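Worksheet: the structure to be examined is printed underneath.
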Amino acid sequence: MIELLLPADVSSAATRADTVPDGALFPEEEALIAKSVAKRRNDFATARACARRAMAGLGLPPVAVLHGHRGKPLWPEGIVGSLTHCVGYRAAALARATDVLSLGIDAEPHAPLPTGVRELVTLPAERERIGPPAPEGTGEIHWDRILFSAKESVFKTWYPVTGVELDFTEADLTFHRTDGPGSAPGSQGPTAAEGTFAARLLLTDPALPTTLHGRWRVEDDIVATAVLVRPDWRESKGM
């Protein structure tokens, strides 16, 4: 699903498997999670298996993917990318730095946000635009979860370039549906849906545009989002 949200010069790979065979990790990766619980180990390993497949798509040899502050993946020189994992879906997306300045991807279960989280990660104007939470199990679109995922993709795009942490309330997102006539945030509909979003950054940095553009998709009970910024963003907009 991630590949549907990204342009052709981005190499992506995804899996719905929750585990990978023993020996799939490099020794230095194993060392990072030696004391981790099983879920953490599985998330780490499956995401890196996807990363290796994405590397192959760029003609690169497989290498270890370690991490820096806040879990930022450390990619080979000249490569930018992003990882994501949730129950039932893991993915990686990589591109050459000559083609892409920064990108972020995220996947979440298509379900309402837990009680209390909605107010913590959204602005009042965003809550007004997306409408009230949709009941679970009704087949309606969970706009609060799409918004949460989109902000995660925004932050994954922002942080590697700026080195500054971005709070959930420092980006104001507006959504559009493109899969049906008249579709808009706040409207309900089938759980297979897609569209675009714009994130107006309330904390700015000269290295990035003040508005980031991305795409979202809901399919098979998973929400996926992606944001991408080109090196020449001052001359062009969007993806």
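The values are calculated or read from the model by the stated rules, or taken from the named source; none is laboratory data. As the structure is a prediction and not an experimental result, all values here were calculated from the model. With ligands, DNA and RNA removed, areas are computed over all heavy atoms of the protein, side chains included. Shrake-Rupley method; radii C 1.70, N 1.55, O 1.52, S 1.80 Å.
General remarks:
- Our helix-only sum for the chain, with -39,500 (n - 2.57) per DSSP H run of n ≥ 4 divided by its residues, gives a mean residue ellipticity at 222 nm of -7500 deg cm²/dmol.
- Over the range 26-146, the Kirkwood radius and the radius of gyration, each from Cα atoms, give a ratio Rg/Rh of 1.05.
- Residues in the range 1-93 average 50 Å² of solvent-accessible surface per residue, probe 1.4 Å, ligands and nucleic acids excluded.
- Ligands, DNA and RNA left out, the accessible area of the chain computed with a 1.4 Å probe is 55% carbon and sulfur.
- Whole-number percent relative contact order across the range 38-166, with pairs defined as alpha carbons under 8 Å at least 6 apart: 20
- The value of relative contact order for the chain, using C-alpha pairs under 8 Å at least six residues apart, is 20 percent.
- Contact order for the range 199-239, expressed relative to its length and based on alpha carbon pairs under 8 Å spaced 6+ residues apart, stands at 33 percent.
- Rg over Rh, two decimals, the range 89-138 (C-alpha only, Kirkwood Rh): 1.12
- Dividing the convex hull volume of the alpha carbon atoms of the range 1-96 by its residue count gives 99 Å³ per residue.
- Divided by 2.2 N^0.38 Å, where N counts the residues, the Cα radius of gyration of the chain comes to 0.99.
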